[in-house]
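One structure is given below, encoded as structure tokens.
A short reminder: the numbers here are calculations on the coordinates, not readings from a lab. From a predicted model like this one, the values you see are computed outputs, not experimental measurements. Counting neighbours? That spans all protein chains shown, and the Cβs are built from the backbone with ideal geometry, glycine included.
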């Protein structure tokens, strides 16, 4: 039994030394400040939620707009796609207008944060493409949303 403990210890030590040797050739981990050097979020997707029958951007939505604007200003290749949506409360035609107004409100907020208008595509779906499928006239916050995609073209 004494021999097997010694053998296991020697084996564990060998594996540990091999692991250390392999790490010596690995690149160093990123510095703690690397994540704070600037926004690196191209390829991200954000959602801004709205109250029923409203186009008012809440404080969380304002923070998202600021984040998206910072990302776009850091990279001249980044583009933004905005898609306005609604829940099924109200008529389909009114919801189409509401989703357009929400998308336009987000677009205008980004432009006011110095995002060039030619780098923003704005679309809306009304209640046609909901996050959560519901019965008609059902209030669902996850459907009262504007999706914001930040991406570099292929």
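With R₀ set to 25 Å, the beta-carbon distance separating residue 94 from residue 149 gives a calculated FRET efficiency near 0.45. Between residue 118 and residue 58, residue separation times 0.36 nm minus the direct Cα-Cα distance comes to 19.1 nm. Residues 108, 147, 118 in ascending order of nearby Cβ atoms (within 10 Å, fewest first): 118, 108, 147. An ellipsoid equivalent to region 32-154, defined through the eigenvalues of its Cα gyration tensor, has semi-axes of 28, 14, 12 Å when rounded to whole angstrom and sorted largest first.
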